[in-house]
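The values are calculated or read from the model by the stated rules, or taken from the named source; none is laboratory data. Note that the coordinates shown come from a computational prediction; the quantities given were computed from them, not determined experimentally. In this analysis, Cβ positions are derived from the backbone assuming ideal geometry, glycine residues included, and neighbour counts consider all displayed protein chains.
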Amino acid sequence: MLTNKLYENDSYCREFTADVLSCEAEAEGYVVVLNQTAFYPEGGGQPCDLGTLGGATVLDVQERDGLILHRVDKPLQGSVTGQIDWARRFDLMQQHSGEHLISGTAHRLFGCENVGFHMGAELITIDFDRVVSMEDLARVEALVNEAIWSNLQTRVRYYASEALCPEDYRSKKLIAGRLRLVEFPGVDLCACCGTHVASTGEIGMVKLLSVAKFHQGVRVELVCGKRAYDYLCAVTAQNRAVSGLLSAKPFETAAAVERSLSELNEVKQEKARWEGRCFSTLAETLRDAGELLLFEENLSPDSLRRLCVELMAVCSGRCAVFSGTDAAGYAYAIGLEDGDLRAFVKDMNAALKGRGGGKPNFAQGRVGASRREIEEYFGK
């Protein structure tokens, strides 16, 4: 006896009663089969429904050979009442319906085929089989939101098989048995087993977040419905904070950041010039000093490199410069003009819990030892 799939005809069914046909123990709970269910099983890119069944928590739902398998945390028997986690179900309905509108519009405008679809906890991804620019996708987004605000009524219909269907519809794979078509009039007609909103207005809005090259096409990230609202609220809060920090109007934060970055770059360049003068002066005081071990405060990896290069030019031996703290560890730069430090650096990293490397005569990296341990290793 196959499970009667209540969700196929009524995506809004939140509570139902059913008879337990079987309940089998497994390693992580119990697998229950019912005569009917409103719990959607994972499939078609859509996660499964969660909720409660009798006195048990529904942990997972899968379909196998026409049977819906509910994994629960307690054994069940007799007649039970199922309750769907409605907030989760409606969110997935918004995401799935929004995906159909995006995929159908991209297919109509640019001939894109949806070859991958995943609904994550925060956003959804669509993989298209051809390259589409963000500018073209912005056009898709605008048309889809117009369709949402037109509040189109969703239509679902069935055919006994693909061969008996006279309509031109989208599908990612060949379908065996009964064909279920989900239509958003004038926008998309697609074979689908998932749950959808009754009208596009319930999606609220769709927002595309990014597009990146993926295989021969692109991967698009987006959010729909309440996720889009929550995303825009978070972005607005971030922009408000940035606006306050930069004393800029909300729509002028990008220009303010650009000015700040330019000023910061000028400061970095001036700092590098002053460091260069200091490094040259220090190197001159250590000319012909032989092997060197120096500890300097708050030097970046690039500053370490530049100081070590200055020292190598005037000293006849190995030059080692470290910067950091015992608690955080030390970054290092080690050089020997016309020398080969590879064996030394390998042994030093092993002895001082470090890692790094570079050219035969120059290396950079980081160690996890204390200053005293470093000094002892260098014989200082």
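Restricting the first member to the range 286-311 and to residues that are on the phi > 0 side of the Ramachandran plot, and the second to residues that are at pLDDT 95 or above and among the hydroxyl-bearing types (S, T, Y), the beta-carbon pairs closer than 8 Å and six or more apart or on different chains are N298/S323. Once the range 303-318 is narrowed to residues that are closer than 13 Å to F362 by Cβ and over 44 Å from the mean Cα position of the chain (by Cα), the residue that is surrounded by the fewest Cβ atoms within 10 Å (Cβ to Cβ) is A313.
Restricting the first member to the range 338-358 and to residues that are closer than 15 Å to G368 by Cβ, and the second to residues that are surrounded by fewer than 13 Cβ atoms within 10 Å (Cβ to Cβ), the beta-carbon pairs closer than 6 Å and six or more apart or on different chains are N349/R355. Across the range 118-128, not a single residue is classified as at pLDDT below 95, among the charged types (D, E, K, R) and more than 30 Å from F214 (Cα to Cα).
Contact map, the range 143-168: first residue in the same structural domain as S199 (by TED's automatic domain parsing), second residue part of a strand (DSSP E or B) and among the β-branched types (V, I, T), Cβ cut-off under 8 Å, separation 6 or more or different chains; pairs are V144/V206; N145/V206; I148/V206; T154/V182; R155/V182; V156/V182.
Within the range 121-131, being under 15 Å from L222 (Cα atoms) and surrounded by 12 or more Cβ atoms within 10 Å (Cβ to Cβ) holds for L123, I124, T125, I126, D127, F128.
Would you mind stating whether D347 is modelled with pLDDT under 95, over 18 Å from S303 (Cα atoms) and loosely packed, with under 13 Cβ neighbours inside 10 Å? When the stated conditions are applied, D347 does not pass them. The sole residue among I68, I102 that is outside the structural domain of A138 (by TED's automatic domain parsing), in contact with a strand residue (DSSP E or B) (Cβ under 9 Å, 6 or more places away or on another chain) and either without any contact (Cβ under 8 Å) to a residue 12 or more places away in the chain or crowded, with 16+ Cβ neighbours inside 10 Å (or both) is I68. Set side by side, the residues A327, A272, A283, A333 differ, and just one is in contact with a helix residue (DSSP H, G or I) (Cβ under 7 Å, 6 or more places away or on another chain) and either assigned to a helix (DSSP H, G or I) or over 17 Å from N361 (Cα atoms) (or both), which is A283.
Could you tell me how many of the residues in the range 347-380 are outside any helix (DSSP H, G or I), closer than 15 Å to F295 by Cα and charged (D, E, K, R)? Final tally of qualifying residues: 2. Only residues that are closer than 25 Å to G116 by Cβ and without any contact (Cβ under 8 Å) to a residue 40 or more places away in the chain were counted in the range 34-62, giving 7.
Answer yes or no: is there a residue in the range 218-241 that is under 24 Å from S133 (Cα atoms), in a loop (DSSP other than H, G, I, E, B) and either in the same structural domain as A198 (by TED's automatic domain parsing) or at pLDDT below 95 (or both). No: zero hits.
The one condition from (1) in the same structural domain as S133 (by TED's automatic domain parsing); (2) assigned to a helix (DSSP H, G or I); (3) over 30 Å from R14 (Cβ atoms) that G201 does not meet is (3). Against the list (1) touching a residue at least 12 places away in the same chain (Cβ under 8 Å); (2) more than 30 Å from N151 (Cβ to Cβ); (3) surrounded by fewer than 18 Cβ atoms within 10 Å (Cβ to Cβ), the condition E221 fails is (2). Per the listing S247, S243, S260, S300, the residue uniquely closer than 26 Å to E373 by Cα and either surrounded by fewer than 15 Cβ atoms within 10 Å (Cβ to Cβ) or within 29 Å of the chain's Cα centre (by Cα) (or both) is S300.
On the given criteria, is E373 closer than 26 Å to A272 by Cα, charged (D, E, K, R) and in contact (Cβ under 8 Å) with a residue 12 or more places away in the chain? I'd like the intermediate steps shown before the answer.
Details: closer than 26 Å to A272 by Cα: no; charged (D, E, K, R): yes; in contact (Cβ under 8 Å) with a residue 12 or more places away in the chain: yes.
No.
What single numbered condition from (1) more than 28 Å from H215 (Cβ to Cβ); (2) crowded, with 22+ Cβ neighbours inside 10 Å; (3) modelled with pLDDT under 95 fails to hold for C192? With respect to (1) more than 28 Å from H215 (Cβ to Cβ); (2) crowded, with 22+ Cβ neighbours inside 10 Å; (3) modelled with pLDDT under 95, C192 is out only on (1).
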